[in-house]
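Visitor: If you scroll down you'll find the structure; I have some questions about it.
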Amino acid sequence: MSSAFGDFGPLTERRKAEKARQQKRRIMIAVGTVTIVAVLIVIGAAAIAYTGKSSSEGSHKPSKASPSKAKSGHSPSSDSESSDSSPSSDSSSSPSSSDDSKAPAAGGDLKAVSKSIKVMCSQTDYTDACEKSLGKAAAKNASAASPKDIVRTAVEVIGDAIGEAFGRADLILSNDPRVKAAVDDCKEIFGDAKDDLNRTVHGVDGGGFGKEDASYQLQIWLSAVIAHMETCIDGFPDDEFKAKVKDSFTSGKELTSNALALIEKGSSLLSVFKGSSKRRLLGNGGEEGSSSSGPKLDKDGIPVWVPEAERRVLKGGGFKNTLTPNVVVAKDGSGKFKTIGEALSAMPKVRKERYVIQVKEGVYEEYVTVTRAMANVTLLGEGSKKSIVTGKKSFADGVTTFKTATFTAQGDGFMAIGMGFQNTAGPEKHQAVALLVQSDKSIFLNCRMDAFQDTLYAHSKAQFYRNCVISGTVDFIFGDAAAVFQNCILVLRRPLDNQQNIATAQGRADAREATGFVFQKCEFQAETALRDAAKPPIRNYLGRPWRECSRILIMESEIPDFIDKAGYMPWQGDFGLKTLWYAEYANTGPGANTAGRVTWPGYKKVISKTDAAKFTVENFLHAQPWIDPTGTPVKYDLFT
């Protein structure tokens, strides 16, 4: 007769049972190991041509064996004058105690390492470059045979390739001031690229490989490395120098793409080995679900690394009443500093809490950079039309687009609340950036960005915009960030008579990048001057592909009738039309009808709710750990 207390039998019985369970566990581990070996053998034999993400997830991969196709040398620095033909990261998590990233029985043998490399490189888009670079490294260290070791090496070899490319750019000699300016930009950008590569290596070492959220962070950093390379190229005029610099970065971009593929594939493969049940990851082709790799939480459910000042922020707003400023900036002299730049310069280099700068009402004519060393800075304004930073640098005045920004945010965890950012150069000055953002896990709440061409340069990494107003004309939201714009208003202004308005120009250059622009619950509006421009008529578009794999989703938004029925316009010829990924979901308004939209292979028209859900704040940005502690109002899933 069975008893409810059967597990509490004599000690000897329990020991016997425990021995039996241990024996059973050993058998299961042995079977599991054999299974893993069998899986790897099958993968190697089949030489799987990994197709990356499905079309519904916005991925298209180039041919494996051939070098990168030459992409258009244009950037949002090109006018639209023709017709339609014209904080701490999750990577700091400790490695799994089971060490499931180790490859089976490599034994330090070079032949075994070569086989492992061949198997893993079969998952990349540039197989030859992968095998050659990793094989060369393996010849120096045959003991590094685990998937984790191979991924680490795949990231390290990028440094050599891009170091050589940036070095060549640095050696360019020219009397052309634009070329000189481009060379100077490349010197600065090389430092940014090295920093993001180092962070990626440390992330892999810290257990980032094979863990869902941490792997996403690695992908964000590597995507930024590609953005840095493209930015260096963009600065050069369309001449022989640009062609040479672009060619020199081919190897670096291919190796970065391969590293992205290995991290992406490694995450999903190890998830299968663990037997965990997970959801599909948005736009990355992996699996997502609740993972133990997330940040450690305290008793209040807040990540332990969040500064104390930020914990006091009330959810849903109330920022002015809950954030205590460290310093006050006031143009009238009533604060400690008269400029934002002075307040940043006085910021302690070592601090535990978020640095809050209160910016009193006033128009601040200054060019500000929150450097990479300045993490967790908050600008607390008194309103986007009251606390304003303004400048007027422009491409027409001989400045590279990258350096025209009035305000540049680089340090991780940057926040701006109730601030205005302007570039008043005017449409005749062409590219003139108001705000450039390279800050990872950055948040802009109740802010305003006003300019004409190239207003907001969402350059790279993860960014969130809530309740913001962004105005401009040509490509006025551009860059290669992973950015979600929620409850924002996009205002199209009157451009030059020979121009057309294009709201977005997203710059994802490689299908493996974890980047793209998502507009959720936004509204497109026309400035009065644009509405009154009956002659000549101004055509208005939602976007165009700046790079070959440009990715944009507009969902649950209001699209008015002044948006052209085609919706989107080409960049130049058929560039990117097959490899871009543009889609819409649950939009409203007279301009939301997709019947007259473009028929490009890359345009997906209206996607399903399941596919749209892959691009919410929660799924596309993995943002809850870094948005929640700030009290920023946010909708993590779909509104409809």
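Please treat every number below as a calculation from the coordinates, not as lab data. None of these values were measured; they are calculated from a predicted model. Because the Cβ atoms are built from the backbone with ideal geometry, glycine has one as well, and the counts that use them run over all protein chains shown.
Visitor: Where does the charge balance sit around Asp397 when Lys and Arg score +1, Asp and Glu -1, over other residues with C-beta under 12 Å from its C-beta?
Guide: Local net charge: +4.
Visitor: Residues of segment 438-476 with backbone nitrogen within less than 14 Å of a virtual label 7 Å along the Cα-to-Cβ line of Glu527, please, listed as ranges.
Guide: 449-456, 470-476
Visitor: Next up: Normalised radius of gyration for segment 314-440, please: alpha carbon Rg relative to 2.2 N^0.38 Å, two decimal places.
Guide: Compactness ratio reported: 1.06.
Visitor: If I take every Cα pair under 8 Å that is 6 or more residues apart in segment 314-440, average their sequence separation and divide by the length, what percent do I get for the relative contact order? Working shown, then result.
Guide: Values: 307 pairs, mean separation 27.2, N = 127.
Taking the mean separation of contacting Cα pairs over the length of segment 314-440, I get 21 percent.
Visitor: Tell me, what ³J(HN,Hα) does each residue in segment 323-332 have, in order and in whole Hz, if you take phi through Karplus 6.51 cos²θ - 1.76 cosθ + 1.60 with θ = phi - 60° and put x for Gly and Pro?
Guide: Result, ordered by residue: 8, 9, x, 7, 9, 10, 10, 9, 5, 7 Hz.
Visitor: Then there is this: Take the alpha carbon atoms of segment 125-271, find their radius of gyration, then divide it by 2.2 N^0.38 Å using N residues; give the quotient.
Guide: 1.10
Visitor: If you take the square roots of the eigenvalues of the alpha-carbon gyration tensor of segment 569-640 and sort them as a ≥ b ≥ c, do you get rounded (a/c under 1.5), prolate (a/b over b/c) or oblate? Don't skip to the answer; put the middle values down first.
Guide: On the way: a/c = 2.70, a/b = 1.84, b/c = 1.46.
Here segment 569-640 falls in the prolate category.
Visitor: Taking K and R as +1 and D and E as -1, what net charge do the other residues with C-beta under 13 Å from the C-beta of Lys118 add up to?
Guide: With Lys, Arg at +1 and Asp, Glu at -1, the net is +1.
Visitor: Please list, in chain and number order, the residues 5+ apart from Val327 or on another chain whose amide H is under 5 Å from its amide H, with Hs placed from the backbone.
Guide: Under 5 Å from the amide H of Val327 lie the amide H atoms of Val356, Gln358, each far enough along the sequence or on another chain.
Visitor: With label points built 7 Å along Cα→Cβ from the Cα atoms of Lys111 and Glu428, find their separation and express it in nm.
Guide: 7.5 nm
Visitor: For Ser248, Ser387, what's the fewest-to-most ordering of other Cβ within 10 Å of each Cβ?
Guide: The fewest-first ordering by Cβ neighbours comes to Ser248, Ser387.
Visitor: On alpha carbon coordinates alone, what is the Rg over Rh value for segment 473-630, Rh being the Kirkwood radius? Display every interim value, and only then the final one.
Guide: On the way: Rg = 15.3 Å, Rh = 15.9 Å.
We get a ratio of 0.96 for segment 473-630.
Visitor: When N counts the residues of segment 413-546, how does its alpha-carbon radius of gyration compare numerically with 2.2 N^0.38 Å, as a ratio?
Guide: Dividing the Cα Rg of segment 413-546 by 2.2 N^0.38 Å gives 1.00.
Visitor: A further question on this structure: Looking at the P(r) of segment 394-438, how many percent of alpha-carbon pairs lie beyond 11 Å?
Guide: 66 percent
Visitor: I would also like to ask the following. Quick check on the exposure proxy: order Leu380, Leu580, Leu173 from fewest to most C-beta atoms within 10 angstrom.
Guide: Listed from fewest to most nearby Cβ atoms, that is Leu173, Leu380, Leu580.
Visitor: Could you list Tyr216, Tyr367, Tyr465, Tyr636 so that the one with the fewest beta carbons within 10 Å of its beta carbon is first and the one with the most is last?
Guide: So the ranking, lowest neighbour count to highest, is Tyr636, Tyr367, Tyr465, Tyr216.
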